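Chemist: What follows is a single structure, and I will ask about it in a moment.
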Amino acid sequence: MPPKSKRYRTPEERSIDPAAQEMLIKADELNLSTAFSRAEEMAPCPIGSKGQCCKVCFMGPCRLVKDGQTGVCGATIDTITARNFARAIAAGAAAHSDHGRDLAFTLLATAKGEAQGYKIRDPFKLKKLAEELDVPVEGRPIDEVGVDVAEKCIAMFGQQEGELSIIERAPEKRKELWRKLGLVPRGIDREIVDILHRTHMGDDQDPEHILDQGMRAALGDGWGGSMIATDISDVLFGTPSPLVSQVNLGVLKEDEVNILVHGHEPTLSEMILAATSDPELLAYAEEKGAKGITLAGICCTSNETLMRQGVPSAGNFLHQELAIITGAVEAMVVDVQCIMQALPNLAENFHTEVITTSPKVKITGATHIEFDEHRALDIAKEIVRRAIDKFPERGEVNIPDISEDVIPGFSHEYINYMLGGTYRGSFRALNDAVMSGRIRGVVANVGCNNPRSTQDASHEYLVRELLKKDILIVETGCAAIASGKYGHLLGEAALEMAGPGLREVCEATGMPPVLHLGSCVDNSRILTVLSQVVEEGGLGDDISEVPAVGIAPEWMSEKAISIATYCAASGAYVIMGITNPTAASEMVTDLLSKGWEEKVGGKIEFVFDDEEMIERILDHIDKKREALGLPAYEPDKFGKSGDWRMKELEGLTGAERELALYGQPAAN
Ligand code: BF8
């Protein structure tokens, strides 16, 4: 029989993660196909990858490979590329926003007392949201407020006219610009449908006009659907604050039942967590020979449960198959998004049961147990029981003994508190540090893994190099999990890498230099942080003036395109790695960069070399500093104080210390 997979790259070329390398060697030994081997066996389509294929009608598909060639209808390469990009925004915005909608319905059911096992865990956040949405709070029971807030959020999806009310969180100058350009979303769903309509055959054919609507729909994601998802998750499951947990495949336990939750929604996984501590189920696990039940996560479901409940993470996107190859996973429970169809096939080689739970997602070969918030705890218990039943069927187990401690959970509320305390919480300390040049600027490192590059290599390298240059890093999604694996999410370890100015600030405030902000919908927290930084004063009147850059060096998903677009439309410079999906059109590529920069102050660029990415990031940040009239960044200016000095002095004798401190022995 021919081998299912052929190894083209060494394990080190496939991933920098030693746990992944170990599992990839195992996969090759067992002749198992993974995303790594499949990517090596199939080059990306050279036509589709550059956006030069049009599939919007059935006179084609048309592939425009010659200069000046058009589609059968006459569509130009610029129109086709812009349409493809806009459709990716629509799909990404739909995925994020639908996630937000589902959470709004869960809040509604919870507030009505119809959702089994759920409660409002952060009533303060609910009240704050209520005030923003003009829902009366005074003297009303919290559940009544919850019903009204949920209904207002649900209405934002179907809203037809006017403005999405949450955009009020944006700086005044930004809102004025959006209004002037007609970019304020009227309703979350409406803008997505509008893209699908205008990119249908025979509609909008002006690339700039198509991409303007792309920005409008993406803003409905970032400042709408994703923001609702973040806020309601906090209301229902608690606003994150830092806690200690672990990341990587080593979190799986050889002698316990291992259940993995994978996907994006925290709703069912929170109930599975509750079920894993049910005494009856624990006794049942023991009966089957297991010492306990371990729950761990993959992808953004993992980020959700990691930052709120400290549930360990088995890894990021490219770890989903590798986790099954350990032979130690009894059940992989998936909800929505980023779930590889390969999982059930792979699981056939082991005892693992793949369980789909979303009404939107069925996968051939997986068991479907549909989630219903009205019976959530019962469903979660059923799933845990099935996993326990699988434990005696285990074959050989190979869990890499590799995991790293992490401190996730930096919501914008916590950052505010951390920098100022309960009574004077503010971003003042952060703004001052940027203004003085101790912190040169801020980079948001977000997005996926992509088997077309070496897993985690860019995330790890860029974070390490940027820290040295006094850049504060905020992270979400698989990028954040990557940082966790290499110790970058541990305050102390990351401080060792930080430049002297950044280090001084972090030591003084207790803020780690790499902040885990959550899952991909929590990129909305980055928008909130940027707005609050602007509101605090001293770093300009708009997001576009803040010395900050967003990067997605290993992206792969349409959601990443929506995120990049709403960040750019909000004024941020975004750099994406891997590939340029608009490469077939110089005009569209320029439009996304120079064109958008002139129009909205933010832009998207595609850069495939880490060094060049760093160069562009620093250049942008330094230019923004100059435009604000801030002192130019000087790497050696700060860092004379700080804990390092104390440690150095501690190692000296009394006389040496006096010499180090005063330049001469102290007078008697
Ligand atoms: O939403 S970073 S691979 S898991 S798409 Fe998917 Fe990309 Fe990971 Fe989270 Ni975001």
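Chemist: With a 1.4 Å probe and all protein chains in place, put C567, C299 in order of accessible area, largest first.
Modeler: Values: C567 25, C299 0 Å².
Per-residue accessible area, sorted high to low, gives C567, C299.
Chemist: Work out how much length A627 to V65 would gain on full extension: take 0.36 nm times their residue separation and subtract the Cα-Cα distance, in nm to one decimal.
Modeler: Details: separation 562, 0.36 × 562 = 202.32 nm, distance 4.24 nm.
Taking A627 through V65 to full extension adds about 198.1 nm, to one decimal.
Chemist: Rounded if a/c is under 1.5, else prolate if a/b beats b/c, else oblate: with a ≥ b ≥ c from the C-alpha gyration tensor eigenvalues square-rooted, which is the chain?
Modeler: On the way: a/c = 1.24, a/b = 1.05, b/c = 1.19.
In terms of gyration-tensor shape, rounded.
Chemist: At E287 and E615, where each label point lies 7 Å from the Cα along Cα→Cβ, what is the point-to-point distance in nanometres?
Modeler: 6.6
Chemist: State the number of lysine pairs found in the stretch 96-216 whose Cα atoms come within less than 15 Å, restricting to pairs 8 or more positions apart or on distinct chains. Present the calculation step by step, with values, prior to reporting the outcome.
Modeler: Numbers: K112/K152; K119/K127; K127/K152; K128/K152.
Lysine pairs meeting both conditions in the stretch 96-216 amount to 4.
Chemist: On the accessible surface of the stretch 545-645, probed at 1.4 Å, how many percent belong to carbon and sulfur atoms?
Modeler: Values: 1990 of 3940 Å².
Carbon plus sulfur share of accessible area: 51 percent.
Chemist: What net charge do the residues around K55 carry, taking every other residue with its C-beta under 11 Å from that of K55, with Lys and Arg at +1 and Asp and Glu at -1? Working shown, then result.
Modeler: Numbers: positive: R63, R83, R87; negative: none.
Here the charged neighbours net out to +3.
Chemist: Report the Cα centroid-to-centroid distance between the stretch 512-575 and the stretch 332-375 in angstrom, as an integer.
Modeler: 32
Chemist: Next question. What is the stretch 100-181's relative contact order, in percent, from Cα pairs under 8 angstrom and six or more apart in sequence?
Modeler: Computed over the stretch 100-181, the figure is 31 percent.
Chemist: What's the carbon and sulfur percent of the stretch 63-161's accessible surface, probe 1.4 angstrom, rounded to a whole number?
Modeler: Numbers: 2270 of 4570 Å².
Looking at the stretch 63-161 in its full context, I get 50 percent from C and S.
Chemist: Shifting gears a bit: Of E304, E393, which has the most accessible area and how do the rest follow, probe 1.4 Å?
Modeler: Working: E304 0, E393 105 Å².
Order by accessible area, largest first: E393, E304.
Chemist: Oh, and also: Applying a 10 Å radius around every beta-carbon, put 492-501, 114-123, 376-385, 404-413 in order of their mean neighbour count, most first.
Modeler: Working: 492-501: 19.1, 114-123: 17.4, 376-385: 20.8, 404-413: 23.1.
Averaged packing, sorted descending, gives the order 404-413, 376-385, 492-501, 114-123.
Chemist: Would you mind putting 356-365, 45-54 in packing order, based on average other-beta-carbon counts within 10 Å, highest first?
Modeler: 45-54, 356-365
Chemist: Among T352, N316, G420, whose Cα sits farthest toward the positive end of the charge dipole of the stretch 289-427 (+1 at Cβ of Lys/Arg, -1 at Cβ of Asp/Glu, about the Cα centre)?
Modeler: Value computed over the given set: G420.
Chemist: Only helical DSSP H runs with n ≥ 4 go in: add -39500 (n - 2.57) per run for the chain, normalise by residue count and round the 222 nm mean residue ellipticity to 500 deg cm²/dmol. Please list the in-between numbers first.
Modeler: On the way: 29 runs with 317 residues, N = 668.
That calculation yields -14500 deg cm²/dmol at 222 nm.
Chemist: Moving on to the next point. Could you work out the relative contact order of the chain, using alpha carbon pairs under 8 angstrom and six or more residues apart, expressed as a whole percent? Mind dumping the intermediate values first?
Modeler: Values: 1410 pairs, mean separation 102.7, N = 668.
The normalised contact order for the chain reaches 15 percent.
Chemist: What nm distance separates the two modelled labels at E151 and E492, each placed 7 Å from Cα along Cα→Cβ?
Modeler: Rounded to a tenth, the inter-label distance reads 5.3 nm.
Chemist: If contacts are Cα pairs under 8 angstrom and at least 6 residues apart, what is the relative contact order of the stretch 275-425 in percent?
Modeler: Details: 189 pairs, mean separation 34.3, N = 151.
Relative contact order of the stretch 275-425: 23 percent.
Chemist: Let me ask you something else. Quick check for you: with a 1.4 Å probe and neighbouring chains kept, what is the accessible area per residue of the stretch 195-304, in Å²?
Modeler: Working: 3070 Å² over 110 residues.
The answer is 28 Å² per residue.
Chemist: Nearest 5 percent is fine: what portion of the DSSP beta bridges confined to the chain is antiparallel?
Modeler: Values: 5 of 47 bridges.
Counting DSSP beta bridges with both partners in the chain, the antiparallel share is about 10 percent.
Chemist: May I ask you to list, by number, the DSSP H helices of the chain whose Cα span along the axis is at least 18 Å and whose average Kyte-Doolittle hydropathy reaches 0.5 or more? Write out the running numbers ahead of the final one.
Modeler: Working: long enough: 77-111 (51 Å, 0.34); 142-158 (25 Å, 0.81); 207-220 (20 Å, -0.21); 376-390 (22 Å, -0.03); 523-536 (20 Å, 0.28); 610-627 (26 Å, -1.31).
The answer, listed by residue number, is 142-158.
Chemist: How large is the accessible surface of D619 in square angstrom, using a 1.4 angstrom probe and rounding to the nearest 10?
Modeler: 80
Chemist: In what order, largest first, do K594, K624 sit by accessible area if the probe radius is 1.4 Å?
Modeler: Values: K594 125, K624 45 Å².
Heavy-atom accessible area, descending, gives K594, K624.
Chemist: If you find the alpha carbon centre of the stretch 232-283 and of the stretch 120-193, how far apart are they in angstrom?
Modeler: A separation of 30 Å, based on Cα centres.
Chemist: Here is a further query. Below 13 angstrom from the Cβ of G297, what's the summed charge of the other residues (Lys, Arg +1; Asp, Glu -1)? Mind showing how you got there, number by number?
Modeler: Details: positive: R308; negative: E265, E270, E304, D335.
Result for the neighbourhood of G297: -3.
The values are calculated or read from the model by the stated rules, or taken from the named source; none is laboratory data. These numbers were taken from a predicted model, which means no experiment stands behind them. A quick note on method: Cβ atoms are made from the backbone with ideal geometry, for glycine too, and the neighbour counts reach across all protein chains shown. Note: accessible area is taken over every heavy atom of the protein model, side chains too, but ligands, DNA and RNA are not part of it. Shrake-Rupley method; radii C 1.70, N 1.55, O 1.52, S 1.80 Å.
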